[in-house]
Amino acid sequence: MKQKTDLPDVIPIFPLPGALLLPRARLPLQLFEPRYLAMLDDTLKTDGRLIGMVQPYQAADGSNKLHTIGCSGRVTALSETEDGRYMITLSGKSRFRVLEEVEGFAPYRRARVNWDGFGADLGAEETDPGLDRAVLMDLLQRFFEERGLNTDWESMADADPELLINSLSMLCPFDPEERQALLEAPSLVTRRETLVTLIEYALHGGDDQRVLQ
């Protein structure tokens, strides 16, 4: 049974555009703003050491809103640079649903969250029986060549399905709304299908079409 301290009702929120964290994946972050240094200090005092990564977006009224679904990460590595910045690593734990933002004296944003519906995030690594690795690798090579990107193809070819699909979801240069779709995919299979759709869309000129609209 999960302890209450593992999944608290209120967590600090880091609204970083374009940053995607997924369960069982790792996300390196650099903190230097005073409010986020305060957030880190408070987080390290808690049992779970959880920070919620949520994509922000601008609402029609110009206000800075949060997407409903985010992913929590446990601070598992920490180092300080000579100029006072902190380099941390978040290890993805579980997605959550934002219920409401919590007002208070903290300089950073906090939210009341609900963890229901994301039980699989806390379980064993997911598999993808329908993954055709050869087809995916061919698609990726064309996408990376078009974008001028490099990667360790040998390591990618040997990676387990979850590590492969989640790493690509986090690293590929998608826009924030596309990353949100990858985060909200209910399973590894649907995330892979979404990933393939996004790559195929980009290869067929999707980005150019968005610019021309």
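Per-residue answers, yes or no, for (1) modelled with pLDDT of 90 or more; (2) assigned by TED's automatic domain parsing to the domain that holds A181; (3) closer than 27 Å to P173 by Cα:
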residue: E103; (1), (2), (3): yes, no, no
residue: V113; (1), (2), (3): yes, no, no
residue: T127; (1), (2), (3): yes, no, yes
residue: R142; (1), (2), (3): yes, yes, yes
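Could you tell me whether A38 is outside the structural domain of P161 (by TED's automatic domain parsing), of a type in the set (A, V, I, L, M) and touching a Pro at 6+ places or on another chain (Cβ under 6 Å)?
Answer is yes for this residue.
I'd like to verify a number: residues in the stretch 174-202 that are of a type in the set (G, A, S) and outside any helix (DSSP H, G or I), how many?
2
Out of curiosity, is E146 out of contact with any strand residue (DSSP E or B) (no Cβ under 6 Å at 6 or more places or on another chain), assigned by TED's automatic domain parsing to the domain that holds S72 and surrounded by fewer than 16 Cβ atoms within 10 Å (Cβ to Cβ)?
no
Could you tell me whether the stretch 33-54 includes any residue that is modelled with pLDDT of 90 or more and at positive phi?
yes
The values are calculated or read from the model by the stated rules, or taken from the named source; none is laboratory data. Just so you know, these numbers come straight off a predicted model, no measurement behind them. Counting neighbours? That spans all protein chains shown, and the Cβs are built from the backbone with ideal geometry, glycine included.
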